[in-house]
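The values are calculated or read from the model by the stated rules, or taken from the named source; none is laboratory data. In this text, all values refer to a predicted model and were calculated from it rather than measured experimentally. Reconstructed Cβ throughout: ideal geometry from the backbone, glycine too, with neighbour counts over all protein chains shown. Note: areas computed on protein heavy atoms with side chains; ligands, DNA, RNA excluded. Shrake-Rupley method; radii C 1.70, N 1.55, O 1.52, S 1.80 Å.
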Amino acid sequence: LSLQAYERRFPTCPLIPMFVASDTVSEYKSEDEAIHVIERRCKLDIDAPRLLKKIAGVDYVYFVQKNSLNRRERTLHIEAYNETFSNRVIINEHCSYTVHPDNEDWTCFEQSASLDIKSFFGFESTVEKIAMKQYTSNIKKGKEIIEYYLKQLEEEGITFVPRWTPPVACKSESSTSHPRRPVSPAINIPESATKEGLNNKEILNSSSSPSEPTAGTPDDKLDADYIKRYLGDLTPMQESCLIRLRQWLQETHKGKIPKDEHILRFLRARDFNIDKAREILCQSLTWRKQHQVDYILDTWNPPQVLQDYYAGGWHHHDKDGRPLYVLRLGQMDTKGLVRALGEEALLRYVLSINEEGLRRCEENTKVFGRPISSWTCLVDLEGLNMRHLWRPGVKALLRIIEVVEANYPETLGRLLILRAPRVFPVLWTLVSPFIDDNTRKKFLIYAGNDYQGPGGLLDYIDKEIIPDFLGGECMCEVPEGGLVPKSLYRTAEELENEDIKLWTETIYQSASVFKGAPHEVLIQIVDASSVITWDFDVCKGDIVFNIFHSKRAPQPPKKDSLAAHSITSPGGNNVQLIDKVWQLGRDYSMVESPLICKEGESVQGSHVTRWPGFYILQWKFHSMPACATTNLPRVDDVLASLQVSSHKCKVMYYTEVIGSEDFRGSMTSLESSHSGFSQLSAATTSSSQSHSSSMISR
């Protein structure tokens, strides 16, 4: 009856004002009418500020909703996702109506949703608030709506809907085509096996044989002692899900089958929805095999840079017996680590930490005699400031979070964030959309010294093992971090040659700049008001950074051309695009004031283009000016020039173009931030005339 009431919401529902209309996209019905799948395109009038709608250029948003009704199983599964702005915002919603396992006259309803905002015209936080408001409102109104249509059915005299029965011609076929799936037999774990610490999977495999019956008996469940000892409290339904998923893996998956504890993590991550858990688990198993993650602890040794400057490590356990990992993020030079190691090595190191965490959970399960399936992470943010918001570093962090979330679900039992500074909400806004909702609920955040008071650290960690840097008496062997020497930085080419390929792309390119031979990058802009962004480091020498515009494309470098040529050197490329016969003001124009950048500086900035055409970013050798009165070089200039051997400079850079449709004039997301590790510099160049901003950190 509830399912029939739900269908009355379409094609539109007066109780949901924002639901304007819906059209059927596709529809499928099985021959026996047990399965009915219908896909609709829904038109919604979102309650959003008029200005935001105007900037976005839309009046309505469209969602695609797929309803899968299974009358045989008496279930209705609903999936919905956004079609509008799908390249900027990802919204997924899942609902299900099922029969209660203990009372067939009851209907169970489950609902979950996820929101991932990548970019939205600079109004990301506003969109998140609107989405949460709409979703919360829909949840509160959902019960009211279903009760309204149930009452409507009652008024029409419909108080009972007979259950589906197969057509007479299909009964014999149905009874044979859907046999009960075999399940694993009961498992008795020998006491000696537990004492010897045998692998759980070896115990499971050795306790059964192909000749044993596998279906149809009341004993088709896991041994109660095994559950209590290794898995924790499981309801009969959860236990059944674990058995079915494990058996499916044994029947279909070639290679190593994960332990029950790991399978259980994926089931818990998807609220014991077998289909969803199976999908993400299979993807993870393929990923592990492809990148040989099972052998990472035995075959990969972290580079010395990580051992010296990565301020994290394992430190005893919390009061619940979970392994404790300490991360002094505020003391870590994230930019230096990315520059010296690349994202690949950082990811691999984080994976090795997670693999070590799984191993420690198994060890603690044996030590404490109860299931330990997750660990606690303590993050100290003392020292966190704007340098940690360096864009490539944040992008690397988000990609690492994405990989960890997909392959190590339900491994974080608790996250204690201590001494959170004022800049923390900015970082949290960037990172939180990529973190699973269940994981976010495990976060505890303390500002200042609040962790020392009631409800603080002592509630979760014994006094004897609180690290010394947090006022405790236990010496913590976690590295203190600090600046990574720039002498350890490597070029993109050097990082690309490393034998680590968990990711394929690199962030930066390197270039050499010579006296009389600048390095230039061509960017073609089709739509005015597009945004050109840049991020570069001056690794050697001093340079002048320019941006030019031309209506015509420069000629590509030719071998026989003396005016335009390309040089390749071990330290990076050198490409010149502006022809020597071109005249500034006639053939091309300067759209930014020249920016002088000293050796060791990091520069980030953006430029909103006024016209379509061709933009040229130029890094030019900086010649030392002579003294104005004597025409003699100054002593400081002479000493500085001696540091530049052979009149050569070196830069590492990356550029990105953001289309005008992604911003529509909003500048909120174009605020530049300092990317260096040292204190913020006051040397900031901006040009309101061209809507550009650049920032330097020394």
Identity of the residue in the stretch 13-29, out of contact with any Lys or Arg (no Cβ under 9 Å at 6 or more places or on another chain) and in a loop (DSSP other than H, G, I, E, B), that ends up nearest to ILE78 (Cα to Cα):
CYS13
Only one of (1) open to solvent by 60 Å² or more (accessible area, probe 1.4 Å); (2) assigned by the TED database to the domain that holds ASP47 is not met by GLY142, so which one is it?
(1)
All but one of (1) modelled with pLDDT of 80 or more; (2) farther than 19 Å from ASN82 by Cα hold for CYS42, so report the exception by its number.
(2)
Among the residues of the stretch 8-40 satisfying the criterion of being in contact with a strand residue (DSSP E or B) (Cβ under 8 Å, 6 or more places away or on another chain) and acidic (Asp, Glu), which is farthest from TRP106 (Cα to Cα)?
ASP23
Can you pull out every residue in the stretch 19-30 that is in contact (Cβ under 8 Å) with a residue 12 or more places away in the chain and open to solvent by 30 Å² or more (accessible area, probe 1.4 Å)?
VAL20, ALA21, ASP23, THR24, VAL25, SER26, GLU27
Do any strands (runs of 3 or more DSSP E) lying entirely in the stretch 65-155 carry at least 3 residues that are farther than 21 Å from GLU39 by Cβ and in contact (Cβ under 8 Å) with a residue 40 or more places away in the chain, and which ones are they?
107-117
With the requirement that a residue be hydroxyl-bearing (Ser, Thr, Tyr) and either open to solvent by 20 Å² or more (accessible area, probe 1.4 Å) or without any contact (Cβ under 8 Å) to a residue 60 or more places away in the chain (or both), what does the stretch 409-448 give you?
THR429, SER432, THR439, TYR446
Number of positions in the stretch 312-322 that are open to solvent by less than 20 Å² (accessible area, probe 1.4 Å) and either farther than 16 Å from LEU351 by Cα or of a type in the set (Lys, Arg) (or both):
3
Test: SER641 is open to solvent by 50 Å² or more (accessible area, probe 1.4 Å), modelled with pLDDT under 65, closer than 30 Å to GLY342 by Cα and not β-branched (Val, Ile, Thr):
no
Out of (1) touching a helix residue (DSSP H, G or I) at 6+ places or on another chain (Cβ under 9 Å); (2) at pLDDT 85 or above; (3) more than 28 Å from VAL575 (Cβ to Cβ), the odd one out for THR533 is which?
(3)
Looking at (1) part of a loop (DSSP other than H, G, I, E, B); (2) modelled with pLDDT of 90 or more; (3) surrounded by fewer than 16 Cβ atoms within 10 Å (Cβ to Cβ), which is the one condition that is false for ILE461?
(3)
All but one of (1) touching a Ser or Thr at 6+ places or on another chain (Cβ under 8 Å); (2) outside the structural domain of LEU427 (by the TED database) hold for LEU358, so report the exception by its number.
(2)
Qualifying strands (runs of 3 or more DSSP E) (wholly inside the stretch 314-430; at least 3 residues being over 21 Å from the mean Cα position of the chain (by Cα))
323-327, 412-420
Identify all residues within the stretch 592-620 that are open to solvent by 10 Å² or more (accessible area, probe 1.4 Å) and either of a type in the set (D, E, K, R) or not assigned by the TED database to the domain that holds ILE578 (or both); write none if there are none.
GLU592, LYS598, GLU599, ARG610, LYS620
Subset of the stretch 1-31, residues at pLDDT below 85 and either within 21 Å of PRO166 (Cβ to Cβ) or outside the structural domain of GLU79 (by the TED database) (or both), comes to LEU1, LEU3, GLN4
Would you confirm whether any residue within the stretch 43-66 is in contact with a His (Cβ under 9 Å, 6 or more places away or on another chain) and not assigned by the TED database to the domain that holds PHE434?
yes
Could you list, in sequence order, the residues of the stretch 520-555 that are among the polar types (S, T, N, Q) and assigned to a strand (DSSP E or B)?
GLN524, THR533, ASN546, SER550
Using the structure shown, decide if PHE548 is modelled with pLDDT of 70 or more and in contact with a Cys (Cβ under 8 Å, 6 or more places away or on another chain).
no
Got a sec? Which helices (runs of 4 or more DSSP H) wholly within the stretch 227-307 have at least 2 residues that are open to solvent by 30 Å² or more (accessible area, probe 1.4 Å) and modelled with pLDDT under 85?
236-252, 274-291
Can you pull out the residues in the stretch 31-47 that are part of a loop (DSSP other than H, G, I, E, B) and either under 17 Å from GLU73 (Cα atoms) or open to solvent by 50 Å² or more (accessible area, probe 1.4 Å) (or both)?
GLU31, ASP32, GLU33, ALA34, ASP45, ASP47
Looking only at the stretch 562-588, which residues are of a type in the set (A, V, I, L, M, F, W, C), at pLDDT below 85 and either at positive phi or open to solvent by less than 100 Å² (accessible area, probe 1.4 Å) (or both)?
ALA563, ALA564, ILE567
